[in-house]
Amino acid sequence: MSLLNGARRALAGLVLLAATACTSGPSLENQGEVTVPPGDSRELTIGSAGFTESDLLAQMYALLLERAGYSTDIISVTNREIYEPALESGQIDVVPEYAATFADWLNAKANGADAAPVGSPDLATTMKALRALAAPRGLTVLDPGRAVDQNAFAVAASYAKKHDLKTLSDLGRANLPVRLAAGDECVQRPYCAPGLEKTYGIDIVAVDPKGVGTTQAKQAVQNGQDQMVLTTTTDATLDEFGLVLLADDKKLQNADYVVPVVNRARAGSDGVRDALGRLNTVLTTADLASMNEQVDSWRRLPEDVARTYLESKKLIPKG
């Protein structure tokens, strides 16, 4: 991967992307048909959504594709409203996405913000809906692997031990009043406070608007101000705050498995599919959490962490 080349392409791409963001993307009538032959461009641009995990996935995609003979650049674009139309147009060729979230995003784009969600806790159902929405836009959704980045709920380890809590069902049965540290939207989102009350019978007495998995939110649970925090399954900092996850044993959360999404006309080939598919058999949720920790807590570079991981799994040769 050429860093200088990548920087130039990134700067040029951002100009193009900004223009793209002013529209909702080409109309479906003008986009690639599902039957368009999959392309195999040897020079590919990989998009990152700009947060640690997305940066790590983009770096791993780049290294695997380079190993397979492709030339790659990485561009960081933090706004899905910008990078998704760029993926449709071929300005970006590959992005790491999350199955249920991306399915619901495409569904809202196609059918309006009030459309009923199509993402679900069932991976097969979610993938079917996602692929049906992506294909008319010239996008191909590759197979998901084992890694999933879902919303998750954590409590203090001491609190869990005191009340014998391992699952969210345990917390519901304990009939304990719970202040939940989360984002403002948690009050209304079905996966958050309403879902915890309906699915698990948890008594959410208040939502403390400290954000999703923020340091402030975790500290509030650590010091007992709140009893539970909304975070994610790949949060590797829980131990630092003395927190543990409670298992989502009734599967309230959607199937947000990591999936590569490609522009079919440029990167829909078996070569790309096979190169990225090599990650599916090894990358786990715990692996992602560990790599996030190395970048966020240990201040290692995403490219170095990604390379070390792939080398350790013998997916690329040691350099």
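The values are calculated or read from the model by the stated rules, or taken from the named source; none is laboratory data. This is a predicted model, so every value here is computed, not measured. Reconstructed Cβ throughout: ideal geometry from the backbone, glycine too, with neighbour counts over all protein chains shown. In case anyone asks, the SASA skips ligands and DNA or RNA and just uses the protein heavy atoms, side chains included. Shrake-Rupley method; radii C 1.70, N 1.55, O 1.52, S 1.80 Å.
Once each part is reduced to its C-alpha centroid, what is the distance from region 147-175 to region 239-280 in angstrom? Using only Cα atoms to place each centre, the spacing works out to 24 Å. The magnitude of the dipole of region 259-299, with charges of +1 and -1 set on the Cβ of Lys/Arg and Asp/Glu and taken from the Cα centre, is near 240 debye. Kirkwood-type hydrodynamic radius, region 143-189: 13.0 Å, calculated from all non-identical alpha-carbon pairs.
For region 208-309, chymotrypsin sites (Phe, Trp or Tyr not before Pro) are listed when DSSP marks them as loop and at most 11 other Cβ atoms sit within 10 Å of their Cβ; the list is 298. When you filter the trypsin sites (Lys or Arg not before Pro) in region 146-179 for DSSP loop state and at most 16 other Cβ atoms inside 10 Å of their Cβ, you are left with 146, 166.
Loop-located GluC sites (Glu not before Pro) in region 42-89 (DSSP state other than H, G, I, E, B) with a sparse environment of at most 11 neighbouring Cβ atoms within 10 Å are absent.
Normalised by residue number, the volume inside the convex hull of the Cα atoms of the chain is 134 Å³ per residue. For the chain, the share of accessible area belonging to carbon and sulfur comes to 52 percent (1.4 Å probe, ligands and nucleic acids excluded).
For the set 82, 316, solvent exposure ranked by accessible area (probe 1.4 Å, protein chains only) runs largest to smallest as 82, 316. Hydrophobic long helices, here whole DSSP H runs in the chain with Kyte-Doolittle means of at least 1.0 and Cα atoms spread over 24 Å or more along the helix axis, are found at 3-21. Using only the C-alpha atoms, the convex hull of region 156-269 corresponds to 131 Å³ per residue.
Normalised per residue, the accessible area of the chain is 46 Å², obtained with a 1.4 Å probe and no contribution from ligands, DNA or RNA.
Taking amide hydrogens as placed 1.01 Å from N in the peptide plane, the amide H of residue 181 sits under 5 Å from those of 208, 227, 228, 229, 230, each at least 5 positions away in sequence or on another chain. Within straight cross-link reach of residue 210, meaning Cα distance under 18 Å, which lysines are found once same-chain residues fewer than 8 apart are removed? Output for residue 210: 218.
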